[in-house]
Structures are given as C-alpha cells and as structure tokens.
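The values are calculated or read from the model by the stated rules, or taken from the named source; none is laboratory data. A quick note: this is a predicted structure, and the numbers were derived from the prediction, not measured. Cβ placement follows ideal geometry from the backbone for every residue including glycine, while neighbour counts extend to all protein chains displayed. Heads up: the accessible areas ignore ligands, DNA and RNA and are worked out on the full protein's heavy atoms, side chains in. Shrake-Rupley method; radii C 1.70, N 1.55, O 1.52, S 1.80 Å.
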Amino acid sequence: MPLTSWSQDREILRLAVPAFFALVSEPLMLLADSAIVGHLGTPQLAALGVAGTILQTLVGICVFLAYGTTSAVARRIGAGDHRGALTQGIDGLWLALLLGVVLAIVGVLLAPLAISGFDPSPDVADYAVTYLRISCLGIPSMLLLLAATGVLRGLQDTKTPMIVAISANLANIGLNLFLVYGLDLNIAGSALGTAIAQTAAGVALVWVVVRGARRDGAKLRPDRPGILASAQAGIPLVVRTLTLRVAIVLTTFVATSLGTTSVAAHQVAFTLWSFLALALDAIAIAAQALTGRALGAGDVSGTRAITRRMMWWGLVSGFVGGLALWALRDLYVPWFTSDPEVRHTLAAILLVAALWQPVNGVVFVLDGVLIGAGDGPYLAIAGVIALVLFVPLALSVLWFDGGVVALWWAFGGFMLLRLLTLLTRERRDSWLVTGATR
C-alpha cells in the first residue's frame, strides 16, 4: 500500500473513531432515559416515546448547524485562516442560539397540539406534554452543542466532542436517577435531568470554541451578515435532511399498514440499521472535515485522492457491517422478540438489509464529501429526486401486497437512487470549488 494511502487512513481514523463514540453516546442516552422512565409505568414510557419523537425531529432538522459549520470552518483552516475559521464558527453559534430560542418558545406553546396529533390516551398525553415542555427549554443548548461540535470538527478535532458527549451521558444517568427517584419528580425529573446534562455539554463545548476565538482574536459579538450567510447555507441541508426523514416516515407508514408482525419486525430491523449507520456516519464526518480542509487549501488532486480512499472505507465498512448483521442474527434477535413469526419475518428483512449495506457505506461517505465541499444545493436537489422516485416504489408495496421484505427492497432502492445521484456528481468537477469560501 502506498505511504500516501496509509497517511490518508490515519487521518480518516483519527477523525472517525472519536466521532463514532460521540455518535453512539446519543442513542445510549435515549436508552438510559427509556430504562429509567420505563420503571415508572407504561403510560410514562409511552409518553417518552411520543414526546421524544417530536423533540428528536425538531433537533434533527437542525443538524445543518453541525454539518454546515464543519464545512465552512474546515475550508478556512485549509486556507490557513485560523481567525476567520473561528469567526465563522462564532456566527454558527449565534445562529444556533437564535434558532434554539425560537424553537423552544414554539415547542413550549404548541406542545399540547403536537402531542394531540399522535392521539394518545389522556394519561399518556399529560405525561408527554410535561416531558416535551421541559425538554424544549433545553433546545437552545442542544443546538449550541450541534454548532460547537461542527466548529471543532472543522478544526479537525473530534476527540473533544467525544469526551464531552460521554461525560454528558454519564451525568444524564446520575441526574435522571436522582431527580426521578431521589426527588420523586416522575417523568418531569427525566426531562429535567436530560436537559441539564445537555446544557452542561453545550456550555462546555461553547467555552472551548470561545476560548479558541479569544486566543486568535476572532470577534465574539453577533455579526448580522455572517449569521444570515450561515442560515442561507443551511437551507439546502435542511431540505436534504427532510427528504431523508420523509422517506423513513413513509417506510414506517407502509410497514404499519402491512400488519402488526410486519411493523414489529420492521422496527427491530430499522433499529439495527440505524446503529450500523452510526459507524458509516462517523466516516462521513471525517469526509466533511477532510474535504473542506483540502478544498480550502486549493488541493483538488488531494481532495480527489481522499474522496476515493473514503469511498473505499465506506464500501468495506458497509460490507463488514452487513456481514455482521446477517452472521450474528441468531445471537442478537432473541434480545428483541420471542415471537416465532416476527423472528421469521425479521430474518428475511435482515438478509435484504445486509445486502444493501455496502451501498449505504458509499452513500454516507459521498454525502459527507459533498457536505464538506459546501455542495448543499445539489444535495437538496438529489434528495428530492430520490424521494420523488421512492414514493411510488414504496406505495407499490401496498398496492401489490408485496409484504415487508419487498418494502425493504424498495428502501434499498431509495439508497441506490441516492448513490446514483451522488456518484454522478462526484465524477464531475463542478463541486471542486477551492478557496476559503465557496
């Protein structure tokens, strides 16, 4: 293997491994909340599911705060403009704060309306509104955490966000146990504990960014043009994220329409698919940081080389993940269900999901590369194209009574459509815009 390839691999692993552990901490925090709240009673657990879904959707749509900031900061780092990189990062923090305050106010005021959309029982609705309203108070901190994480990734630092994420996870468990059972605050204690842990994490990362900005003489006060530019750059990434969310929701809708066994097997399979996606997303985060830095430095050939190397990593990681998903099914499936019919259906789904993993690996990497290049408008268009073609594909499973396995072939088709649109872009040169700004 050439030395250049080995050097590239070290860079990818240096960024991707800490990013993976930071990403894994997020679902683990949700699992801890579920375990603690679950012992309060079924209504509380159901309320957590409903309120958590709304909260994750609100915060998930704002993931552009991390992605867009990573790209912009990495470009300036590549161009040797460290002060400009931190100034760009500070603009992202101010945007996160403003957006977070707006969403928090809207969330608190509209919590009953949002919960009623799920048509829960009265006791579940009461608990859900309580949890959502308290959690919404922490949205500004959650968005600041996203933006600060993006800044540090752009600075080629994924280790600090990992340390903070793991620390917040441990603090969340302790706070939840103390507030829920020690102070007997019920589900409100869980919401408050999680909000406090996430706020502490947000403050910690913002402090790291602000300290760096002061050291380099970057401006800390709000800059209206800079904030507006960050918001404008984030719009295409919001569209891209929404297309993914709609595709996932549509898939779940079709699975639910196919019957209880189908949706149960689908839920388990999708949980496993999402976990594997974390490993692939970690490589995508490395792709964002390295692509932005290379283009900022004006290194087109280096960008091409690292892109091809990361595509190889995505392909191999997808193959390994798919192999593990299929080969270890007898070990982990019993953890999720004892129903023979669900197990039989799940086994068939897992084979399809495993076969699509190499495709997923390349898709995640190319997505990260183009985000790092600041090619958001194309990603938005590509996402809409893939979604428009996927809708009839998914609905045809209902029309022709194809079953949940056919639905997973259709979902794999959605990922294949994304792969084709991304490969088409990667093979051209129009996304290879060099310089400190795109």
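Quick notes on this one:
- Filtering the range 81-94 for residues that are modelled with pLDDT of 90 or more, open to solvent by less than 40 Å² (accessible area, probe 1.4 Å), assigned to a helix (DSSP H, G or I) and within 16 Å of G138 (Cα to Cα) leaves a non-empty set.
- Only residues that are assigned to a helix (DSSP H, G or I), under 26 Å from R153 (Cα atoms) and charged (D, E, K, R) were counted across the range 289-332, and they come to 4.
- Residue within the range 19-28 that is surrounded by 18 or more Cβ atoms within 10 Å (Cβ to Cβ), touching a Leu at 6+ places or on another chain (Cβ under 7 Å) and farther than 30 Å from G154 by Cβ present: no
- Test for D429: is it of a type outside the set (V, I, T) and either touching a helix residue (DSSP H, G or I) at 6+ places or on another chain (Cβ under 6 Å) or farther than 28 Å from G376 by Cα (or both): no
- Meets criteria (farther than 30 Å from T434 by Cα, surrounded by fewer than 16 Cβ atoms within 10 Å (Cβ to Cβ) and in contact (Cβ under 8 Å) with a residue 40 or more places away in the chain) for V333: no
- Matching residues in the range 391-414 - criterion: being within 30 Å of R304 (Cα to Cα) and touching a residue at least 60 places away in the same chain (Cβ under 8 Å): F411, G412, F414
- Failed item in (1) open to solvent by 40 Å² or more (accessible area, probe 1.4 Å); (2) at pLDDT below 95, with A436 passing the rest: (1)
Residues are listed down the side, and each one gets a yes or a no for (1) surrounded by fewer than 18 Cβ atoms within 10 Å (Cβ to Cβ); (2) out of contact with any Ser or Thr (no Cβ under 7 Å at 6 or more places or on another chain):
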| position | (1), (2) |
| --- | --- |
| R153 | no, no |
| P161 | no, no |
| N169 | no, no |
| N172 | no, no |
| F178 | yes, yes |
| L183 | yes, yes |
| N186 | no, yes |
| A191 | no, no |
| A197 | no, yes |
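- Selected residue (criterion: surrounded by the fewest Cβ atoms within 10 Å (Cβ to Cβ)) from residues of the range 37-70 that are under 21 Å from I371 (Cα atoms) and small (G, A, S): G60
- As a summary of the residue check, S338 satisfies the conditions (1) in contact (Cβ under 8 Å) with a residue 12 or more places away in the chain; (2) outside any helix (DSSP H, G or I); (3) among the hydroxyl-bearing types (S, T, Y) except for the one numbered (1).
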